[in-house]
Amino acid sequence: MLARKVSIVFTAAIILISLSLESFAEDIRITAKHAALPVLTGLTQDIAIELPSSVTSGAYDVVIEVGTDWGFLLFPSGPARSGRLKISPNKPAEIKYRWSGVTPVNGPVTERIGVLAPELGISGEIQFSVGVNIRITDVKLPEKIQAGVLNRVEIFVADAFNAELDLSAMMDSLDVPIEAAMTLTLDVPEDGAVSENDPVVRAFFSNSVHATSYPSGSLVSGRLSRTDGGKFIWTSPDGKISGITPPSPGKYHIDAVLKPNTGGPPLRHWSSPVFTVSENMIQADKDMPDLMASTLKIIAAIDHDAAKEALSVSRELMAKGGVKDAIAALGRHMRRVFANAPGSGLGRYAAALGASGKSADEIVNFLGSFVKGYEYGVLIFTRNGAAEWNLKRASGSQTPLTGNEIFEGNAIAAAPFAIGHDVTLSLKGSDTEDVSLWKLIPQGVNAKKYPRGKWIKEIRVYTTGVTPKNAVKQ
């Protein structure tokens with residue numbers, strides 16, 4: 001009741017002052033850091049109060065009051081809806097405001113901060129919004145979307161509560177990351193779409209959406225950039241272009257998710273209408289071995305130019321009878337595609353070959369030529385006889401693993417490693433089948449078989465040579 005009386009008296013005082021002092025040229029200047037205040041735990045609004053420059057020197061009392069029932073000012077004595085501060089000319093007073101109510105979900109709350117200087121007969125007021133509702137408004141796609149190449153996608157966002165709000169400036173000042181995710185889904189494959197019907201390509205891309213969309217299916221932190229038309233687009237901190245690379249023609253749609261981290265609903269979802277992707281694939285020659293054709297399709301889905309060059313080189317080598325040389329050429333071009341992450345690229349690829357239906361021996365024979373061009377190493381082992389496995393850097397090695405994961409495929413697993421940096425593979429037998437293990441490096445291949453049983457092996461893998469020197473040892 002007391003707070004209500006203070007509010008009535010304060011409001012009446014402002015009205016009286018405005019009627020009796022019309023000739024006073026300047027009012028109290030009040031500024032707020034945020035035009036709209038998100039409702040986040042611990043977030044406060046900075047309020048600055050400044051007297052007109054014409055006021056003579058001295059210290060003056062000002063009365064400050066909050067307009068809503070859920071806003072509080074953090075006075076030295078504690079939070080309150082109204083109170084007094086001392087202020088001097090040319091030295092603004094500063095105070096923090098905090099919202100203590102529920103998060104607005106149907107619309108923003110307009111907060112008013114009123115300031116009265118009774119001794120000077122002047123006052124001031126400022127308004128700002130409490131609550132923001134940042135959401136995806138549109139995801140713009142090119143008019144023509146092609147398979148096998150990066151197609152730019154623009155993710156537009158806006159605040160549904162405050163249409164004129166400069167979201168870019170607000171998010172930068174809050175130092176709050178705005179996260180986005182995007183997934184590309186095939187709804188209807190085109191008849192004869194070779195990539196989607198290729199089990200190796202399908203296995204490769206099912207393990208990583210990074211190759212077909214950015215930002216990926218996992219939320220990625222970024223920032224907002226303002227366009228010339230005043231709209232806001234999500235971008236990564238390094239300016240990476242959002243886009244999709246459909247692996248084959250057909251009908252697709254995009255699902256996008258925004259996590260604004262500004263209070264309210266934690267995730268905002270948006271789905272595109274179905275759109276058509278046209279053919280732009282690299283077509284392998286009919287007489288090309290199927291594992292080579294699958295490899296070309298994977299390269300083409302990520303880097304179309306690299307695939308065109310790989311097809312031309314491998315075609316020329318095969319015409320001369322050099323099938324193994326052609327496979328090595330594909331390895332060189334695949335390494336170019338995965339220059340930033342050669343270990344994980346090789347691991348994903350080798351594991352995906354297991355979906356081909358070929359035997360582990362056939363896959364190893366193919367990879368033996370492939371790694372000559374890729375210039376990297378990989379361990380391949382059969383999964384059915386192994387219960388547990390782990391890869392780690394060998395003791396004494398000075399450099400961390402660059403591909404320290406084990407990638408699981410159909411019947412086989414792949415563990416990539418950098419040449420010259422020895423690793424240790426831990427295997428535990430499941431007593432169901434024998435376990436076959438191969439070490440593939442550019443210099444050649446070593447093979448080892450462990451009989452069916454319940455055993456534990458610590459296998460030191462020397463990565464710089466093959467049998468008899470530096471062989472895979474138990």
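So the values come out like this:
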read-out	value
Relative contact order computed over the chain (Cα-Cα under 8 Å; 6+ residues apart), in percent	10 percent
Accessible area, probe 1.4 Å, largest first, for residues 34, 421	421, 34
Amide hydrogen neighbours beyond the local backbone of residue 383, cut-off 5 Å, H modeled	412, 413
Order by protection proxy (mean Cβ within 10 Å, highest first), peptides 39-47, 363-371	363-371, 39-47
Helix 342-352 axis, angle to the chain major axis (alpha carbon atoms, nearest 10°)	60 degrees
Residue-level accessible surface for residue 81, protein heavy atoms, 1.4 Å, Å²	50 Å²
For the chain, size of Cβ-based charge dipole, Lys and Arg +1, Asp and Glu -1, in debye	1760 debye
Within the chain, longest stretch free of exposed GluC sites (Glu not before Pro) [DSSP loop, at most 16 other beta carbons within 10 Å]	165-278
Amide H contacts of residue 419 (H built 1.01 Å from N, under 5 Å, at least 5 apart or other chain)	377
Residue-level accessible surface for residue 240, protein heavy atoms, 1.4 Å, Å²	100 Å²
Ranked order, 423, 105, 257 - accessible area, probe 1.4 Å, largest first	105, 257, 423
Greater than 32 Å apart at Cα, pairs in 324/449; 140/308; 144/308; 259/392; 358/428	259/392
Linear extension gain, residue 393 paired with residue 82, 0.36 nm per residue minus alpha-carbon span	105.6 nm
Under 20 Å from the Cα of residue 448 - aspartates and glutamates, other chains or at least 8 residues apart	361, 362, 388, 408, 422, 431, 433, 434, 458
Summed side-chain charge close to residue 167 - residues other than residue 167 whose Cβ falls under 12 Å, Lys, Arg +1, Asp, Glu -1	0
Segments 289-298, 262-271 sorted - mean Cβ within 10 Å per residue, highest first	289-298, 262-271
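The values are calculated or read from the model by the stated rules, or taken from the named source; none is laboratory data. Keep in mind the model is a prediction, meaning the values are calculated, not measured. Backbone-built Cβ (ideal geometry, glycine too); neighbour counts: all protein chains shown. Protein only, heavy atoms only, side chains kept; ligands, DNA and RNA dropped before computing areas. Shrake-Rupley method; radii C 1.70, N 1.55, O 1.52, S 1.80 Å.
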